[in-house]
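Please read the structure below before turning to the comments.
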Amino acid sequence: MKKLLEIFSFFIIAILLVSCTSFTRNEQTARTEFIRIENSQQVGQTFLSRFDGLQGISVFLKPIQADSGEITLNLFSEQISSEPIHKSSLLLTDISTPGFYTFTFPPLRQSTNQDYFFNLSINEPGVIETGSAPGNSYLSGAQYIDGLAQNSQSAFRLDYAPGLALWGLIQSGFNWFGFLIVGLLLLSIPGTAALMWLYPLWSSMDWISKLGLTLGIGLAFYPVLFLWTDAVGIQLGRLNALLLPLLGTILIVIKKVLDAKESNSKGFSFFGKRDDQTDNNQSSQFNWANLIPDLVFLVIIAFIVFTRFWPVRNLDAPMWGDSYQHTMITQLLVDNGGLFTNWEPYAQLGSFTYHFGFHSIAASMHWLTNLDIIQTNLWTGQLLNIFAIIALYPLAVAIGKNRWAGVIAVLIAGLISPMPMLYANWGRYTQLAGQIILPAIIVVLWSNLNSKQVNLRWQSLVWFGLAGLALTHYRVTIFMPLFYVSYFLFQFRKSGAFQLIKRIVIHLVGVVILLIPWIMRIFEGSLPDIFGAQISTAASQVSQASQQLNSIGNITSYLPFYVWVLLLFSIIWGVWKRNRESNIFIVWWLFILLAANPQWLRLPGTGILTNFAVFIAAYIPTSVMIGSGLAGVLNELKLFLPEMEADKSEFGSDVRSRNKVYWTIFFSIIMILISIWFVRPRTRDIRPMEHALLTRPDVNAGMWINQNLSQNAKFLVNSFFAYGGTLVVGSDGGWWLPLITTRQSSQPPLTYGSETGLDPGYVEFTNSLVALIEEKGIDHPDVLAELEKRGFTHIYLGQQQGQVNANSPPLLDLNKLMESPNFELIYNQDRVRIFNIVRGEG
């Protein structure tokens, strides 16, 4: 199969090479000023190549004095290289008007994600200018003048050989597919085993619903495994990733064998119907009503996979502050082979009470793929973004009672809605992991509450699912009690209040038993104190800062206006049709909204569940309700083939059935066209310029630190006060230094606010330094004395120079550092600056 793909790719490349000689990607085209090139002066630029086949660089040039000389571009593999790998020249007389002029050279076969440097020089008398823009207009390099890095960027574009670029993308596609398959197996094997043995309704579900459930249930088992192996004093290491899939495979095989033996008398074998058996209803093997929505689902999922992987292919790290702590936790899980309490050498923290479901999956993916920890976190986050969409399918089908409800829900959440795609900008991967488990456990729990039988296996599945959710995300876990309330209000008369309460208590007791080790651990940190303060603060006493943090804002920033309108229509439809499941579901989410706004009812608890957490999760009720609502309307119009009725024998048997087939195909085409339309907007949701902290220049600076500075080096980095002035967060790549260099820095991960520091008063100790610098300035004697007292040896300014999510000037002012005799510049590459703190005599 792989060989066939290679042959097919070869022909595609050949066609492109014949039809197109190059394609151009704009890297930085802004021009706010011009830099003059004359005599021996050189102007250069470091940059990152995003594809294979780099074969040209287009630079904006403006002629001033065109003599008989040439302008030469030298291309280097890195800025410090002594010999260029390629040279290209243009006659000055050919540069007649301002514009982009291309310097070409033989294509570089493996240039994807490689660093390069070019410089421009004139070898004869003549004068020319090149475009330049501010330093924050490009992330992956900087402009250089005579070898000295500037806080500016050249105006340039990159040209690629399309054939080599395509071949490189095909190779990347294989890597994406491999990572996807590993993730699917990691979650679906234990999930399938658990559901086959423990869920009585498993055999009645369609294959996509089964897939959605296996992903959520499978994910829930990993944090439970990490918790209990730690509780009994076992650190499994790589076996954490292998144990559940291996055990799941064994259980699946055993279950298949037992089912085959049980069905043997009916003419079934392990793999299905025996060859000598016949079925009178042969046509049921080919069911148009089921096949068409399944095919549309697969097409939509293919587009979703592309939109999740394509925009992050050139990122060096997951983005924003949350990603830093998530990556550190994953690194510590790998370092310790399981759970831990001490965060050294990366942070001075001595407890671990943070939810860790996402991190257990990221660590497992690292153990299985050997991918770098930072990259593993990035790609695992995007992988879970795909799984979170698939997980909605079984819930939508359960409420809408139609496969199309699931397909529509997947389309809305995966492509039409910017959520959860935007989670990648914030590194909001832990909540995303919880929202993979949430739909699955709702389906399992809901059916369990509806059932009159008391099945211990079924109950245990609920226990593990809820326990896994609790260990994966605390706030998403809060959603669950509210579901019980909504269900009870609708069902207590029909099912009996006592029986429902009894069933709910059974669920609660089982979950608490599974969580006992974690409940004991929670009290090692500050979470109980934080929760206690929030729950005891009256609505009238909530600070203005807390109210602003919990404000809803513009709801169209979460979902488009027309999606909210469709949600309203779907709610009305569900009420009108008296769809009990739909009504239970929407009342549940209304309770969630109230829980995020207890002040509306004059109740305490503001901040326990935030509006931001609720509204970025609004894609769940929106997609599920719209999916079930639209599918219900189309069913009422009788435009679709009814499921489990329309098959090969009926196809074309009468005009009515043919019309239904045509309408179904027409609707499928519309769905696919809508999917294609929204692919481009989703790929543009990722915004590294605004949210990336760790960039390629920071990675390069980290390598330089590892090679040139002592292990005892300690860095002061850019940071600012956030969360109403209670905590300090980093604002450029300096925040990541402990992870990429194992050197200490001034900024711990955000979890320092909820964990216990190794030293008493660690929160106040951390915050006080930033407050002192903000008050007196970096060059004040009191600040210098405090830096020396705390053992800081260096100052680090990252590529983003303290401006990520900061609404004020950076803490560390580059100009003041350059002017002060107390700081010595020892690293000046791209926009990264490293200063040595000069100690005064005596």
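Principal-axis analysis of the Cα atoms of the chain puts helix 655-683 at an angle of about 30° to the longest axis. In the stretch 693-784, the portion of solvent-accessible area held by carbon and sulfur atoms comes to 52 percent [1.4 Å probe, whole percent, DNA, RNA and ligands not counted].
Over the stretch 146-216, what percent of the accessible surface lies on carbon and sulfur atoms, probe 1.4 Å? For the stretch 146-216, the apolar C and S fraction of the accessible surface comes to 66 percent. Each label point was placed 7 Å from the Cα along the Cα-to-Cβ direction; for residue 22 and residue 600 their separation is 5.8 nm.
Express in whole angstrom the spacing between the alpha-carbon centres of the stretch 294-351 and the stretch 712-739. Rounded to whole Å, the Cα centres lie 20 Å apart. Couplings 3J(HN,Hα) for the stretch 165-179, derived from phi with the Karplus relation 6.51 cos²θ - 1.76 cosθ + 1.60 (θ = phi - 60°), are 4, 5, 4, x, 5, 5, 4, 4, x, 4, 5, 4, 4, x, 5 Hz, where x marks Gly and Pro. Separation of the stretch 569-594 from the stretch 761-797 is 54 Å, based on Cα centroids.
Solvent-free Debye calculation, one equal scatterer per alpha-carbon of the stretch 325-471: log10 I(q)/I(0) at 0.08, 0.12, 0.14, 0.19 Å⁻¹ equals -0.28, -0.60, -0.78, -1.14. Rounded to whole numbers, the Karplus 3J(HN,Hα) couplings from phi for the stretch 583-596 are 5, 4, 5, 6, 5, 4, 6, 5, 5, 4, 4, 5, 5, 7 Hz, using 6.51 cos²θ - 1.76 cosθ + 1.60 with θ = phi - 60°, and x at Gly and Pro.
Rounded to the nearest 10 degrees, the angle from helix 207-231 to the longest Cα principal axis of the chain is 70 degrees. Length available on full extension from residue 262 to residue 342: 0.36 nm per residue minus the Cα-Cα distance, which gives 23.6 nm.
When only Cα pairs below 8 angstrom with a gap of at least 6 residues are kept, the chain shows a relative contact order of 14 percent. Near residue 825, the amide H atoms lying under 5 Å from its own belong to 836; only residues 5 or more places off or on other chains count, and H is placed 1.01 Å from N.
Near residue 86, the amide H atoms lying under 5 Å from its own belong to 75; only residues 5 or more places off or on other chains count, and H is placed 1.01 Å from N. Peptides 774-787, 207-220, 358-371 ranked from most to least packed, by the mean per-residue count of other Cβ atoms within 10 Å: 207-220, 358-371, 774-787. Taking every protein chain into account, the accessible area of the chain amounts to 43 square angstrom per residue (probe 1.4 Å). Straightening the chain between residue 36 and residue 707 buys 238.0 nm, computed as 0.36 nm per residue apart minus the Cα-Cα spacing. Distance from the C-alpha centroid of the stretch 184-233 to that of the stretch 468-502: 21 Å, rounded to the whole angstrom.
At a 1.4 Å probe radius, carbon and sulfur cover how many percent of the accessible area of the stretch 306-353? Carbon and sulfur together cover 45 percent of it.
Shape of the stretch 144-270 from its Cα gyration tensor (a ≥ b ≥ c, root eigenvalues): rounded if a/c is under 1.5, otherwise prolate when a/b > b/c, or oblate? Prolate, since a/c reaches 1.5 and a/b exceeds b/c.
Rounded to the nearest 500, the 222 nm mean residue ellipticity of the chain from helices alone is -17000 deg cm²/dmol, with -39,500 (n - 2.57) taken per DSSP H run of at least 4 residues.
One decimal place: the segment residue 659-residue 67 gains 205.7 nm when fully extended, by the rule 0.36 nm per residue minus the C-alpha distance. Shape class of the chain from the alpha-carbon gyration tensor: oblate, with a/c at 1.5 or above and b/c at least as large as a/b. Relative protection proxy for 496-507, 223-234, 722-733, from highest mean packing down: 722-733, 223-234, 496-507 (other beta-carbon atoms within 10 angstrom). The long axis of helix 561-576 is offset from the longest Cα principal axis of the chain by roughly 10 degrees. Distance cut-off 25 Å, Cα to Cα: go down the list 401/494; 401/577; 255/502 and report the pairs above it. Beyond 25 Å: 255/502. Shape class for the stretch 552-613: oblate, because the ratio a/c of the largest to smallest gyration tensor axis (alpha-carbon atoms, square roots of eigenvalues) is 1.5 or more and b/c is at least a/b. Karplus-based coupling profile of the stretch 517-523, in residue order and whole Hz: x, 6, 4, 5, 6, 3, 6, with θ = phi - 60° in 6.51 cos²θ - 1.76 cosθ + 1.60 and x standing for Gly or Pro.
The values are calculated or read from the model by the stated rules, or taken from the named source; none is laboratory data. None of these values were measured; they are calculated from a predicted model. Every residue, glycine among them, receives a Cβ derived from its backbone with ideal geometry; neighbour counts consider all protein chains shown. We work out accessible area using only protein heavy atoms, side chains counted, and drop any ligands, DNA or RNA first. Shrake-Rupley method; radii C 1.70, N 1.55, O 1.52, S 1.80 Å.
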